[in-house]
Amino acid sequence: MDITVQWVRTLWTKRSRGGPAAARRNAVPVAFALPDGVPGRAHTVRLHEWDDFTPRHGWAEPRRVGVELRERDGRLRVLPRVEPLYGQPPRPRRPPAVRLAPGEWVRWQLNYRFSSAAGMRDWTYWLDTFNIAYGEVPAADVFLGTPDFHVDEQGPVR
């Protein structure tokens with residue numbers, strides 16, 4: 001069965017935590033239309049504060065995306081790995097994996113925060129959004145709609 005993965009990572013610093021800069025960051029999309037792809041590859045999109053959140057599209061091996069995907073009994077089990085552990089904001093217990101039936105898709109969001117080792121630089125933050133579809137994708141804009149499942153696992157970043 002086909003598995004379509006889109007991984008969107010947005011990176012920013014404290015400079016984008018308030019005012020117009022935060023409004024710009026908050027306007028960044030969490031999904032994009034799928035480009036003509038390479039079968040068996042995950043579509044990646046990176047948006048960085050220092051590039052004014054201009055989308056940079058690419059491809060990755062699915063095993064490098066940071067999501068556990070397992071097919072069993074006609075369903076796809078989806079559970080993102082939380083890494084690196086030292087970048088986690090406080091969060092309650094993790095939600096269970098989502099089991100997708102053919103034709104369904106999930107949007108799962110996780111955020112992180114980091115400080116420099118010596119505390120000399122600004123805090124750095126990132127938001128990972130995983131859009132994952134199981135089965136045949138009806139159109140390139142599939143992830144621009146409403147997901148069958150949405151897991152918001154974002155914690156407070158102070």
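The values are calculated or read from the model by the stated rules, or taken from the named source; none is laboratory data. As the structure is a prediction and not an experimental result, all values here were calculated from the model. Neighbour counts are summed over all protein chains in view; Cβ atoms, including those assigned to glycine, are modelled from backbone coordinates with ideal geometry.
For region 11-52, which positions are in a loop (DSSP other than H, G, I, E, B) and closer than 14 Å to ASP128 by Cα?
Within region 11-52, the subset in a loop (DSSP other than H, G, I, E, B) is 17-18, 27-41, 52.
Answer for region 11-52, where residues must be in a loop (DSSP other than H, G, I, E, B) and closer than 14 Å to ASP128 by Cα: VAL28, PRO29, VAL30, ALA31, PHE32.
So that you can scan it fast, the table gives a plain yes or no per residue for (1) assigned to a loop (DSSP other than H, G, I, E, B); (2) modelled with pLDDT of 85 or more; (3) not aromatic (Phe, Trp, Tyr):
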| site | (1), (2), (3) |
| --- | --- |
| ARG70 | no, yes, yes |
| TRP108 | no, yes, no |
| ARG121 | yes, no, yes |
| THR129 | no, yes, yes |
| VAL151 | no, yes, yes |
| GLY155 | yes, no, yes |
*asked:* Pairs needed: first member in region 11-28, among the small types (Gly, Ala, Ser); second member anywhere, in a helix (DSSP H, G or I) and crowded, with 16+ Cβ neighbours inside 10 Å; C-beta distance under 8 Å; at least 6 residues apart or different chains.
replied: SER16/ARG25; SER16/GLU49; ALA21/GLU49; ALA22/SER16
*Across region 8-22, which residue is modelled with the highest pLDDT among those that are touching a helix residue (DSSP H, G or I) at 6+ places or on another chain (Cβ under 9 Å) and farther than 16 Å from GLN154 by Cβ?*
THR13
_Residue pairs, Cβ under 6 Å, 6 or more apart or interchain, first in region 41-57 and over 25 Å from ASP122 (Cβ atoms), second surrounded by 11 or more Cβ atoms within 10 Å (Cβ to Cβ) and among the aliphatic types (A, V, I, L, M). List them._
ALA42/VAL5; ALA42/ALA60; ALA42/VAL65; HIS43/LEU34; HIS57/VAL45
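Please count how many residues of region 11-55 are of a type in the set (S, T, N, Q) and more than 22 Å from LEU110 (Cβ to Cβ). Even if it seems obvious, please write down each step before you answer.
Initial filter on region 11-55 (of a type in the set (S, T, N, Q)): 13, 16, 26, 44, 54.
Then keep just the ones that are more than 22 Å from LEU110 (Cβ to Cβ); that gives 54.
Total meeting the criteria: 1.
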_I'm checking my understanding of the structure. Among residues of region 134-158 that are in contact with a Phe, Trp or Tyr (Cβ under 7 Å, 6 or more places away or on another chain) and β-branched (Val, Ile, Thr), which one is nearest to VAL78 (Cα to Cα)?_
VAL151
*Which ones in region 44-69 are basic (Lys, Arg) and either farther than 17 Å from VAL30 by Cα or buried (at least 17 other Cβ atoms within 10 Å of the Cβ) (or both)?*
ARG46, ARG63, ARG64
